[in-house]
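Structure record follows, encoded as structure tokens.
The values are calculated or read from the model by the stated rules, or taken from the named source; none is laboratory data. No experiment lies behind these values; they were computed from the predicted model shown. Ideal geometry is used to build each Cβ from the backbone, glycine not excepted, and the neighbour counts take in all protein chains shown. The area values use the complete protein model at the heavy-atom level, side chains included, leaving out ligands, DNA and RNA. Shrake-Rupley method; radii C 1.70, N 1.55, O 1.52, S 1.80 Å.
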Amino acid sequence: MILWHLMESTKRFSDLEKDIPEVTQKMLTQHLRELESDGLVVRTIHPSVPPKVEYALSEYGITLLPVLDAMCNWGTIHNRIAVERPL
């Protein structure tokens, strides 16, 4: 979900919280750290008061966009099939 929202644009932590309301602050922080350590997300701290922190897809993270699109397309088709023929 985080990668999906970051493909739209650079986001602040609070923007991601609004975009993914079902996630807790702790889990969002943990997942952002993991994505950053995996090289998929870049965290930028702007020197201001209070500090402004932004998250964006890295060049490496951008290479996942075709995969995310394919998963979205699969989900759309799967949801349509599930509605027509419940499991």
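Of the helices (runs of 4 or more DSSP H) contained entirely in the chain, those carrying at least 1 residues that are touching a His at 6+ places or on another chain (Cβ under 8 Å) fall at 2-6, 13-19.
The residues of region 27-52 that are more than 13 Å from the chain's Cα centre (by Cα) and among the hydrophobic types (A, V, I, L, M, F, W, C), listed by number, are I45, V49. If you check M71, M7 for being open to solvent by 90 Å² or more (accessible area, probe 1.4 Å), of a type in the set (A, V, I, L, M, F, W, C) and at pLDDT below 95, only one passes: M71.
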